[in-house]
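Quick notes on the structure that follows.
The values are calculated or read from the model by the stated rules, or taken from the named source; none is laboratory data. As the structure is a prediction and not an experimental result, all values here were calculated from the model. Here the Cβ is made from the backbone with ideal geometry for all residues, glycine too, and neighbour counts use every protein chain on show. The accessibility values were calculated without ligands, DNA or RNA, using every heavy atom of the protein model including side chains. Shrake-Rupley method; radii C 1.70, N 1.55, O 1.52, S 1.80 Å.
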Amino acid sequence: MGQLVDGMDAFYKDYRNRQLEVGWAIQYARDSIKGKPAQELDAEIALWRRCSAADKSHPMPRNSEDAAGISKACTPDAK
C-alpha cells in the first residue's frame, strides 16, 4: 500500500496533474509499480491532461460539437 501512496504523491507533485482525477493517479501509480516504461506513462499523462482540459473548457449543457471535441481530446491518437 505504501508504494501506491508514494506513486500517487509523485503523480500529484507535478502541479499540472493536480486537476486530474484520483482514479488516474491510482492507475499511474499501479502502472509505474508494474514497470510500465516512463515514455508510455508520460504519454498517458499527456492524454489525461488534454482530456481534462477539454472537459473543463466546455460547460454543461454541451452540444454535439462540444461532445465531439471532448471525445477527440480523450482519444489516444488525437493530436
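Its DSSP H runs of at least 4 residues, each contributing -39,500 (n - 2.57), put the calculated 222 nm mean residue ellipticity of the chain at -21500 deg cm²/dmol, to the nearest 500.
Semi-axes of the equivalent ellipsoid of the chain are 27, 14, 9 Å, computed as sqrt(5λ) over the eigenvalues of the C-alpha gyration tensor in descending order. Largest accessible area first, the listed residues 1, 8, 60 line up as 1, 60, 8 when surface is computed with a 1.4 Å probe on the assembled protein chains. When each full DSSP H helix of the chain is screened for a Cα extent of at least 18 Å along its own axis and an average Kyte-Doolittle hydropathy of at least -0.5, the helices passing are 38-56. Annotation: lysines with alpha-carbon distance below 19 angstrom to residue 72 (same-chain offsets under eight excluded): 56.
Residue 57 contributes about 70 Å² of solvent-accessible surface, heavy atoms of the protein only, 1.4 Å probe. About the centre of its Cα atoms, the chain shows a dipole size close to 100 debye [charges on the beta carbon of Lys, Arg (+1) and Asp, Glu (-1) only; nearest 20 debye].
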